1. Somewhere in the range 65-78, is a residue at pLDDT below 70, surrounded by fewer than 11 Cβ atoms within 10 Å (Cβ to Cβ) and not in a helix (DSSP H, G or I)?
2. Take the residues in the range 3-51 that are surrounded by fewer than 16 Cβ atoms within 10 Å (Cβ to Cβ) and polar (S, T, N, Q), then tell me which one is modelled with the lowest pLDDT.
Amino acid sequence: MLRALLVDAIDILVRYPRQPGPTERQRDRCSIRGQTVLWVEEDAHDATAFLTVCELLALDPMLVRAQLRARGLLPAVVAPPRPPALDRAEPAGAAPPMLIHTPPAPRAA
């Protein structure tokens, strides 16, 4: 039963090719292909989740995803953007950020 579930998901990804473009993920969310992509990419561990199915079939889910991506059946993984502070260097002569918290001086009674 679990094998049939995984085979059906792969069959859907093969039968319904990607629709490239800027709104690919938005379009895919409503389609059977989009729902299948979401199922494969989700990291849930419930009874019928992709991770659970792979583990019960003694398959490495990360390897299965990588193989699907290599064949163009899953969208490429996009790295999250870096925080702006890491993208630019501090201006010359700027004081380094203060990393030590100095507690306030005690108040006189």
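1. Yes, because at least one residue in the range 65-78 is at pLDDT below 70, surrounded by fewer than 11 Cβ atoms within 10 Å (Cβ to Cβ) and not in a helix (DSSP H, G or I).
2. Gln26
The values are calculated or read from the model by the stated rules, or taken from the named source; none is laboratory data. Remember, it's a predicted structure, so these values are computed and weren't measured experimentally. Using ideal geometry, Cβ is built from the backbone for each residue, glycine included, and neighbour counts are taken over all protein chains shown.
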